[in-house]
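The values are calculated or read from the model by the stated rules, or taken from the named source; none is laboratory data. Treat the numbers as computed from the prediction; the structure is a model and nothing was measured. Note that we place each Cβ from the backbone using ideal geometry, even for glycine, and neighbour counts take in every protein chain shown. For accessibility, only protein heavy atoms count, side chains too; no ligands or nucleic acids. Shrake-Rupley method; radii C 1.70, N 1.55, O 1.52, S 1.80 Å.
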Amino acid sequence: MRWEITMDSIINLQKKIVPELTNLLVQRYQILRQVSHEYPIGRRALAARLGLSERVLRAQVDFLKNGGLLAFSSAGMSVTEEGADILKELADYVRKLQDLNSLEQFLCERLDIGRVVIIPGDSDQEEVVKREIGRAAARILGNLLNDGKEHIVAVSGGTTMAALAANVSGNEPKTVVVPARGGLGDNVELQANTIATVLAQRLGASYRQLYVPDSVSEEILNSILAEDIGVKSVVDIIKQADILVHGVGQASVMARHRRLPPEFIKKLLDDGAVGEAFGQYCALDGRQIYMTNNAGLMLQDLPKIGTVIGVAGGRSKAAAILSVIRASRQDILITDEAAAHDIVRMLEND
């Protein structure tokens, strides 16, 4: 009998015979990934980020240091050039260990999405995972824009979208970046207008801003659109977007951000709302529960857009992500391992 040794066979053997080795590899990958994002960083801070005891962390970082993958200085740890190369290889290896390719394919088929990208980890627990989601979204957006054509890119707000903007680079003078909707909340850095500006500057693109608050009354909104030519022209550009990159929110969290009355929030949740996108609150089965007024994009606008990219992660957002996918069209989903596994569980329970 002829034995054929492949990477997959080695990984399967490792998972079955030496699970402790698998855990060590994943742990060392997490350490290198965290340090690469936050260098220079001290041991105590790194242990807190990863939820490891200082004793366990010390043993692992000493191993990585002795292997030439980590460098130490008075300021803290950093990843060496060799460590950066190993980190890239480990990323692919960890994906195979955790069978993320199969998970991506399963979700593509069950959710009718063209492409699913899953980042190892849980962004609820590790901030670095959210940054990795943003980095993956930045790569995909860059590839879409790298065709020499004119594009209008609409973006929503939020922490994951801020991570996308922070990781983008390029030279796209033919591209216009616009906010998908008006401002929401007090944190200016996370609003769609700010993220559109940062994204455009890092892309060498132009941008437009929408100076209309989210969730104004229909009467006020109509009055603004009728009287302010500048706002109307921006709205017209937003409606022509051919690429949309958006986050997904939990219904309860987004309702509080919009300062909806507590009794209304309770009714919203009692009616089954779990997810929110573009001011529209969705139930797990995709039903629209409630919709706010806004001058920008809404879920019904998505079929007119060439490429729709949903970007969200964390186990806490799994139900929200599934509800928005079922309520609208998505071409690409970028999420993390924890959210993906919970979505699979919900699909199987159906």
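Tabulated results
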{"read-out": "Fully extended contour minus Cα-Cα distance, from residue 239 to residue 74, at 0.36 nm per residue", "value": "54.2 nm"}
{"read-out": "Residue 285 - accessible surface, heavy atoms, 1.4 Å probe, Å² rounded to 10", "value": "90 Å²"}
{"read-out": "Rounded, prolate or oblate (a/c below 1.5 giving rounded, otherwise prolate when a/b exceeds b/c) for segment 260-339 by Cα gyration tensor", "value": "oblate"}
{"read-out": "Which of 301, 331, 236 is most accessible, then next, and so on - probe 1.4 Å", "value": "236, 331, 301"}
{"read-out": "With all protein chains modelled, accessible area of residue 139 [1.4 Å, Å²]", "value": "140 Å²"}
{"read-out": "Residue of 314, 142, 67 that the Gaussian network model of the chain assigns the largest fluctuation, springs spanning Cα pairs under 10 Å", "value": "67"}
{"read-out": "Carbon and sulfur %, accessible surface of the chain computed with the full protein complex present, 1.4 Å", "value": "51 percent"}
{"read-out": "Candidate lysines - alpha carbon under 28 Å from residue 304, same-chain residues fewer than 8 apart omitted", "value": "149, 174, 232, 239, 317"}
{"read-out": "1.4 Å probe accessible area per residue over the chain, in Å²", "value": "49 Å²"}
{"read-out": "Ranking by accessible area, most exposed first, for 93, 39, 211, 290 with a 1.4 Å probe", "value": "211, 39, 290, 93"}
{"read-out": "Relative contact order [Cα under 8 Å, 6+ residues apart], the chain, whole percent", "value": "16 percent"}
{"read-out": "DSSP-defined beta bridges in the chain - what % are antiparallel, rounded to 5", "value": "40 percent"}
{"read-out": "Among 238, 289, 133, residue whose mean-square fluctuation peaks in a GNM of the chain (springs only between Cα atoms under 10 Å)", "value": "289"}
{"read-out": "Which label in (1) 1.01; (2) 1.07; (3) 0.96 gives the computed Rg/Rh (Cα atoms, Kirkwood Rh)", "value": "(1)"}
{"read-out": "Loop sites in segment 106-186: GluC sites (Glu not before Pro), DSSP, at most 15 other Cβ within 10 Å", "value": "150"}
{"read-out": "The chain - mean residue ellipticity at 222 nm from DSSP helices (-39,500 (n - 2.57) per run, n ≥ 4, rounded to 500)", "value": "-16000 deg cm²/dmol"}
{"read-out": "Exposure ranking of 147, 92 by accessible area [1.4 Å probe, largest first]", "value": "92, 147"}
